[in-house]
Ligand SMILES: [Zn+2]
């Protein structure tokens, strides 16, 4: 019993999480669109042949009570299932209520009846962007990004959608990719305060004081004295006045707390060894330097030993323990490598499974078959952060089991090809199949048979 507990603690100590949402200072993005653009398609559609039933359904919306219209319109929609004007008017009312998710569902019903009118197409575009921003801000950035990408498919030049994709990427933790997209965006919109604020945060996240200074200086001109600008300036000044730490071409190691004299360079040496191992294993290395901060704590659950949120956060105690820091650095740097190589698109189970695999962990005994449901839910999971400690342990264990199976069946060239395909924007299941000749279901079935 006691031994089991100790082993359990031993294995949990090297778990880590990707923390994205909670430590971002959210930029003010809600109302940055041209209000004209958003309001225009909120006109109710005409339906001249529908008569009194229609008039009484839309009258409340015209008088400023779209909620009542929604109810009457849904009765009308049920009575006239082949008339797309009803769900379209409903979508307009939902959008007026700020319920863009419901507006999108109503537009789906229109589309099932007939192709969308130009007005409905515009409403769908606006609703996707508004709802995408809500999702990106409230912890589901991958869904926000998908909505932005859907708009770009229809309107490739849509810079609001481009902003949404860049913002979502930043919230997903794919920082170099977010910077690439938002730098392009600011060429068209140099005065965009939210884009400048996100770029400043991306640079701060990478420990890049020079780039952060450029964005913060611009913000001081665009948005002087605001809460956001003042907070970013404060973070920048503390980055600029930090003592230099230890660094090489690829890595920067900085003690945030008071460290023993040689600790930074010891951690740098260890991180460099991990870096070289990972470069061989994944076939590439991050294009931008990765920062390792010793002695900071970020918003992670209690069971996490360290975190990666664009930079590695290594607790002081772990940094001082040679065996533990080796394991943790390999694990956290794997996240940096996979994020860079895949453009931030690697699925969570691959990310956490390979981080454990490359830290040197191997599954010796599988959990009992009673927990095999995890094999089905793994690919659907976007976060392990919400899990209790015992459930988190299972999630990590199954991630490792599948990743280990994958690495034992394939060589590093297949992994390299997979990451490259993700980086190029291929759909994940397709990238997986083309690279490994297998799909997740087949792979996980091999493990289920052994439970
Ligand atoms: Zn991890």
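The values are calculated or read from the model by the stated rules, or taken from the named source; none is laboratory data. No experiment lies behind these values; they were computed from the predicted model shown. Because the Cβ atoms are built from the backbone with ideal geometry, glycine has one as well, and the counts that use them run over all protein chains shown.
On inspection, residue 265 passes the criterion of being away from the ligand (no atom under 16 Å from the Cβ) and not in a loop (DSSP other than H, G, I, E, B). Just give me the residues in segment 422-442 being surrounded by 20 or more Cβ atoms within 10 Å (Cβ to Cβ) and either under 22 Å from the mean Cα position of the chain (by Cα) or on the phi > 0 side of the Ramachandran plot (or both), in sequence order. Answer for segment 422-442, where residues must be surrounded by 20 or more Cβ atoms within 10 Å (Cβ to Cβ) and either under 22 Å from the mean Cα position of the chain (by Cα) or on the phi > 0 side of the Ramachandran plot (or both): 422, 431, 432, 440. A search for C-beta distances below 7 Å between a residue of segment 132-146 that is under 16 Å from residue 174 (Cβ atoms) and any residue that is outside any helix (DSSP H, G or I), counting only pairs 6+ apart in sequence or on different chains, returns 139/21; 142/382. Residue count for segment 40-75 under the criterion of being buried (at least 18 other Cβ atoms within 10 Å of the Cβ) and part of a helix (DSSP H, G or I): the result is 12.
Of all the criteria given as (1) within 27 Å of residue 385 (Cα to Cα); (2) in the same structural domain as residue 354 (by TED's automatic domain parsing); (3) more than 16 Å from the ligand (Cβ to nearest atom); (4) out of contact with any strand residue (DSSP E or B) (no Cβ under 9 Å at 6 or more places or on another chain), the one not satisfied by residue 232 is (2).
The one condition from (1) farther than 30 Å from residue 167 by Cβ; (2) out of contact with any strand residue (DSSP E or B) (no Cβ under 8 Å at 6 or more places or on another chain); (3) within 16 Å of the ligand (Cβ to nearest atom) that residue 386 does not meet is (1). In this entry, residue 370 passes the filter for residues that are surrounded by fewer than 21 Cβ atoms within 10 Å (Cβ to Cβ), free of Cβ contacts under 8 Å to residues at least 40 places away in the same chain and closer than 20 Å to residue 398 by Cα. The residue pairs whose first member lies in segment 325-338 and is assigned by TED's automatic domain parsing to the domain that holds residue 253, whose second member is part of a helix (DSSP H, G or I) and near the ligand (Cβ under 10 Å from one of its atoms), and whose beta carbons are closer than 6 Å, counting only pairs six or more residues apart or on different chains, are 327/359; 330/359; 331/355; 331/359; 334/354; 334/355; 335/355; 338/351.
Residue selection: residue 363 fails the criterion of being in contact with a helix residue (DSSP H, G or I) (Cβ under 8 Å, 6 or more places away or on another chain), within 12 Å of the ligand (Cβ to nearest atom) and touching a residue at least 24 places away in the same chain (Cβ under 8 Å). Inspection of segment 424-440 identifies no residue that is touching a helix residue (DSSP H, G or I) at 6+ places or on another chain (Cβ under 7 Å), within 20 Å of residue 335 (Cα to Cα) and part of a loop (DSSP other than H, G, I, E, B). Put simply, of 199, 182, 177, 164 the only residue that is surrounded by fewer than 24 Cβ atoms within 10 Å (Cβ to Cβ), assigned to a helix (DSSP H, G or I) and touching a residue at least 12 places away in the same chain (Cβ under 8 Å) is 177. When 354, 314, 333 are checked against the criterion of being more than 11 Å from the ligand (Cβ to nearest atom), surrounded by 24 or more Cβ atoms within 10 Å (Cβ to Cβ) and either modelled with pLDDT of 90 or more or more than 24 Å from residue 391 (Cα to Cα) (or both), 314 stands alone in meeting it.
Considering the conditions (1) without any contact (Cβ under 8 Å) to a residue 40 or more places away in the chain; (2) more than 26 Å from residue 162 (Cα to Cα), residue 252 is excluded by exactly one of them, (1). Among the residues of segment 351-388, those identified as part of a helix (DSSP H, G or I), under 27 Å from residue 287 (Cα atoms) and under 15 Å from the mean Cα position of the chain (by Cα) are 351, 352. Which of the numbered conditions does residue 272 fail, given that it passes all the others? Conditions: (1) more than 16 Å from the ligand (Cβ to nearest atom); (2) modelled with pLDDT of 90 or more; (3) crowded, with 20+ Cβ neighbours inside 10 Å. It is condition (3) that residue 272 fails.
May I ask you to verify whether residue 245 is more than 26 Å from the chain's Cα centre (by Cα) and either assigned by TED's automatic domain parsing to the domain that holds residue 288 or closer than 14 Å to residue 289 by Cβ (or both)? Yes. Checking each residue of segment 325-332 against the condition of being over 25 Å from residue 408 (Cβ atoms) and over 19 Å from the mean Cα position of the chain (by Cα) gives at least one match. Here residue 259 fulfils each of the conditions (1) away from the ligand (no atom under 15 Å from the Cβ); (2) closer than 23 Å to residue 208 by Cα; (3) not in a loop (DSSP other than H, G, I, E, B) apart from (3). Comparison of 304, 319 shows that the only residue that is at pLDDT below 95, in the same structural domain as residue 423 (by TED's automatic domain parsing) and within 11 Å of the ligand (Cβ to nearest atom) is 304.
Note on segment 283-301: residues that are modelled with pLDDT of 80 or more and within 15 Å of the ligand (Cβ to nearest atom) amount to 2.
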